[in-house]
1. Pull up all non-local amide H partners of PHE18: gap of 5 or more, or a different chain, and H-to-H distance under 5 Å with H placed in the peptide plane.
2. Eigenvalues of the Cα gyration tensor times 5, then square-rooted: what semi-axes does that give for the chain, in whole angstrom, largest first?
3. Whenever you get a sec, compute what percent of the accessible area on the chain sits on carbon and sulfur atoms (1.4 Å probe).
4. Working out 0.36 nm times the residue gap between SER328 and ASP142, then minus their Cα-Cα distance, what length gain in nm do you get to one decimal?
5. Quick one: Karplus J couplings for the range 328-345, per residue in order, coefficients 6.51, -1.76, 1.60, θ = phi - 60°, nearest Hz, x for Gly and Pro?
6. Taking the alpha carbon gyration tensor of the range 357-457, what are the square roots of 5 times its eigenvalues, largest first, to the nearest whole Å?
7. Past 24 Å, Cα to Cα, is the threshold; run LYS125/LYS174; LYS36/LYS141; LYS36/LYS94 against it and keep the listed order.
8. What's the FRET efficiency of ASN401 with VAL160 using the Cβ-Cβ distance as r and R₀ = 41 Å, to the nearest 0.05?
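The values are calculated or read from the model by the stated rules, or taken from the named source; none is laboratory data. None of the values given here were measured: they were computed from a predicted structure. No Cβ is skipped: glycine too gets one built from the backbone with ideal geometry, and neighbour counts run over all protein chains shown. Heavy atoms of the whole protein, side chains included, go into the accessibility calculation; ligands, DNA and RNA do not. Shrake-Rupley method; radii C 1.70, N 1.55, O 1.52, S 1.80 Å.
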Amino acid sequence: MSFEKTTVLPQDVRTFFFVGIGGISMSSIAFVLASKGYTVRGSDRTESDMTQRLRDAGIEVFIGHDAAHVEGADVIIYTGAVNEQNPEIAEAKKRGIPLVYRADAIGYLMQKYKTRIGVSGSHGKSTCTAMISHILIASGKDPTVMCGAQTAEMGGAYRVGKREDFVFEACEYKDSFLGFFPSVSVVLNIDLDHTDYFTGGLEQIKESFRQYALLAFAQEEPLVVSNADDGNTARALFGVEKTTFGIVNDADFCAVNITYNNGCAEFDIARKGEFFCHAALSVPGRHNVYNALAAAVACFHAGVLPADIGKYLSDFAGLARRFEKKGSVNGADVYIDYAHHPREIVSSIAAAKKMTQGRVICVFEPHTYSRASALFSEFAASFADSDKTFFVDIYAAREVNTYGVSSAQLAEATDGGEYTPSYEDAARRLREYARKGDTVLILGAGTVTEVASMLAC
C-alpha cells in the first residue's frame, strides 16, 4: 500500500484518526498525541484491554471499521496490517484526507528531540529499548519513550518526557525504520525474517539495516552501535564508523567474567580493555547480556555515568511477555515469552535450562504462515533442548495459508513434538505432563498467552 511520507504535518491539524488504534505502537502514538492536546479517535477490529485504556484516557474508540468513522479527521494514521480495501482508508482517499504511515508519525514526533536513540534488530528490540529507558529514567533524565512492549515502570509501552531524549523501537518490517531520524542507531542483530515483505531474502534485509544505521549520520553527534558477535550485522555494516559490543569477538564494549545465578548473568563491562562497570542482571539469558551491552553504550553516549549504568542495569525488572512468570502448574513454573523466531526460541530455552532443576516443556504458537514456511526446518531444530513441545495452530495475523504449512507438520518434524489443536487442549496436556521442578515456556507473538490464564483456572 502506498502512502505519503511526511516530516511536517499541516499546521492546522487538530484531529487524528487511527486505523488499528489498539496495537501497542499505535496506541502509544495516540496517547502521546492526546497528551499534546490533539483530538484523537480510532478504530480496531476487536475490544481489548488496550481499547478500554484508550477510552479511559478520553480517546474515542470504534469497534469495527466504517467509512463514517473518519468524519472530521484531519489526518489518518494507519499500520502495515491494513490495506486499501479497508473502508476507512478508502473513504480517506476519496475525501483527500492525508494518510500517514505509523512509522512516519513516530518520525514526525521525534524530530524535536536532541538525542534520538533507535533500537533495531531482528531480536531483542523491546527489551533493549526498555533497558535504555530504565537507565535514563533512574539516572534522573526524563526521556520520551516508544517501546514495543509494556513495562510496569512506565505503566504501558510509552512515556511522555521532556525534549532532550527520545528512545524508540525501530522495527524493520516493511522498512518502517527508514522513516525515522535516529541520532543513535543501535543494531542488535540481523536474521532472516518477515519473508512476506523481504522477498529478496537476507541480502535485502542486511541492506535495509545498513540504510537504517546510516540515518544517524544525518544528525548532530551521530553514533552507530552494533553487535560484533553477529556475523550478519558485521557484514551489513562493513565500512561504517561504529561503536561495537560483544562477548566473543574484540569490541569496544565487552562483557567479561560472566557467571550465572538462576539463569541471570553477572559480569563486568570493559570499555576498550579498561573496567567500565559491573552488572548483575535480574532478567535471564545470555541474549540479555547483549541487550545490556548495547544499552550501556547508548546510555553512556547520552551522558549517564558508568557506575550508574551498572547499577540500573542490575535492577531492570524486564517487561511484559519477555520471559514473564505467570504462575505454576503442578509445581512447575510457567513463563510466557514473545519468542516467535527460531533464534529467539533457542535463547529462551537456553535461559530456562540454566534456571530449572527439572524438564523444560514448551507450548509454541507459530506466528504467520510465511514465517513458518520459510523457516520450517529452523523451527523444528530450535526445540532440540526442549524435553517436550506442544504445537498449537499457526497464528495467521495478516495472512491466509497459501503456503500449505501447519503446526501438525512442525510437530511431526520436531523431536518430542506433539500437535495440540487448541489452547484448551494444550492446557489439558500441560496439566497431565508437567510436574514439580519443571519449567513451562509458553512461546509466541499471538494470543497463546491465553494458555497461561487457563492453567490458573
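1. ARG41, GLY42, SER43, ILE77
2. 33, 29, 21
3. Reported share for carbon and sulfur atoms: 48 percent.
4. 63.2 nm
5. 8, 9, 6, x, 8, 6, 10, 10, 10, 8, 6, 3, 9, 10, x, 5, 5, 4
6. Equivalent-ellipsoid dimensions as semi-axes: 23, 16, 10 Å.
7. The pairs that break the limit, which is 24 Å between Cα atoms, are LYS36/LYS94.
8. In this case the efficiency is close to 0.50.
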